[in-house]
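A short worksheet on the structure shown next.
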Amino acid sequence: MNKYLAEAQAMYEELLANRHYLHQHAEIMDELPVTTAFVKEKLTEYGIEFEEISKSTEFKNIYPKYRKII
């Protein structure tokens with residue numbers, strides 16, 4: 001099996017759960033406190049370095065290794 005396909009399949013349940021969480025806690029306009037907190041928590045959990053540049057979901061300096069994924 002393709003290495004990337006295997007990795008994607010291993011992540012499927014978690015990604016699905018993340019998607020469901022974000023859809024259940026939908027936010028509109030520029031104020032996204034729940035979404036921002038969730039993204040920050042997940043980036044930290046995954047060991048991805050970032051710098052928040054606004055109160056919304058805008059981040060910079062995400063660890064270069066993951067730039068193509070996010």
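The values are calculated or read from the model by the stated rules, or taken from the named source; none is laboratory data. Because the structure is a prediction, the values reported are computed rather than measured. Neighbour counts are summed over all protein chains in view; Cβ atoms, including those assigned to glycine, are modelled from backbone coordinates with ideal geometry. Just so you know, the surface numbers come from the protein's heavy atoms only, side chains and all, with ligands and any DNA or RNA stripped out. Shrake-Rupley method; radii C 1.70, N 1.55, O 1.52, S 1.80 Å.
Quick notes on this structure:
- Backbone HN-Hα couplings from phi across region 4-15 [Karplus 6.51/-1.76/1.60, Hz, Gly and Pro as x]: 6, 5, 4, 5, 5, 5, 5, 8, 3, 4, 5, 5
- Most to least accessible of Tyr12, Tyr46 (protein chains only, probe 1.4 Å): Tyr12, Tyr46
- Most to least packed among 20-27, 33-40 [average Cβ atoms within 10 Å]: 33-40, 20-27
- Neighbour net charge for Asn18 - beta-carbon separation under 14 angstrom, K R +1, D E -1: -1
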